[in-house]
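Working notes, beginning with the structure itself.
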Amino acid sequence: MIKHVEWYTKYFNAVTGHSMKPEDLITMSERVYNFQRVLCLKMGYGRREHDSIPYRAMGPVTVEEYESRQERYDKQLKETHKVNVDGKSSAEKVKILRKLREERYEQLKDAVYERRGWTKDGIPTLDTVKRLGIDFPDVLEVLKTHGVS
């Protein structure tokens, strides 16, 4: 078990008087996170589209920004993404790099959703809420409203 989780468990047990194991604390945290996701769904958020990061965070945003670090960005395109940058304008390279980064972010969301037991749209599955013991009628109704049944 990860050391900091063991420490959290010791602190939790000391403060609450409970006798929990690290796995119990992780499951409790997972319940809270999934329940929060369901609450967000009920409020009109909590889908894949809401897990996007700001345009700025995908950088570079402008040609000027690309050119200010051109050596770094060109190297990234060549070595990481195997893109031939010869003869391409900075604007073309910005477009290519941003597209590649956005695709990678979507792959990351897919991996996270799968690991959490969520649909491709970022919604907890019935199996997940049942496993966590949060399959209350209201929760199931919210999931059903969002196509999970």
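Over 32 Å between Cα atoms, which of LYS3/LYS42; LYS3/LYS99; LYS75/LYS109; LYS21/LYS130 qualify?
Result: LYS3/LYS42; LYS3/LYS99 exceed 32 Å.
For the chain, adding -39500 (n - 2.57) for each run of n ≥ 4 DSSP H residues and dividing by the number of residues yields -19000 deg cm²/dmol at 222 nm. Per-residue SASA remark: THR16, around 60 Å² accessible (1.4 Å probe; ligands, DNA and RNA not included).
For region 76-83, backbone phi angles converted through the Karplus equation (6.51, -1.76, 1.60; θ = phi - 60°) give residue-by-residue couplings of 4, 4, 5, 7, 7, 9, 6, 9 Hz, Gly and Pro being listed as x.
Placing unit charges on the Cβ atoms only, positive for Lys and Arg and negative for Asp and Glu, gives region 5-149 a dipole magnitude near 100 debye about its Cα centre.
Relative contact order of the chain: what whole-number percent is it, with Cα pairs under 8 angstrom and at least 6 residues apart?
Answer for the chain is 24 percent.
Remark: C-alpha extents of the chain on the principal axes read 64, 40, 23 Å, sorted largest to smallest. The alpha carbon centroids of region 97-130 and region 39-81 are separated by 17 Å. Each residue, THR80 and TYR8, gets one label point 7 Å from its Cα in the Cβ direction; the gap between the two is 2.8 nm. With the whole protein complex present, ARG56 retains an accessible surface near 130 Å², based on a 1.4 Å probe.
Accessible area per residue of region 1-135 at 1.4 Å probe, in Å²?
On the way: 9240 Å² over 135 residues.
Value for region 1-135: 68 Å² per residue.
Overall, the accessible surface of region 9-139 at a probe of 1.4 angstrom is composed of carbon and sulfur to the extent of 54 percent.
Here the Karplus curve 6.51 cos²θ - 1.76 cosθ + 1.60, taken at θ = phi - 60°, turns the phi angles of region 52-67 into couplings of 7, 9, x, 3, 4, 5, 7, x, x, 8, 10, 4, 4, 5, 4, 5 Hz, with x standing for Gly and Pro.
The values are calculated or read from the model by the stated rules, or taken from the named source; none is laboratory data. This is a predicted model, so every value here is computed, not measured. Using ideal geometry, Cβ is built from the backbone for each residue, glycine included, and neighbour counts are taken over all protein chains shown. Accessible surface areas use protein heavy atoms only, side chains included; no ligands, DNA or RNA. Shrake-Rupley method; radii C 1.70, N 1.55, O 1.52, S 1.80 Å.
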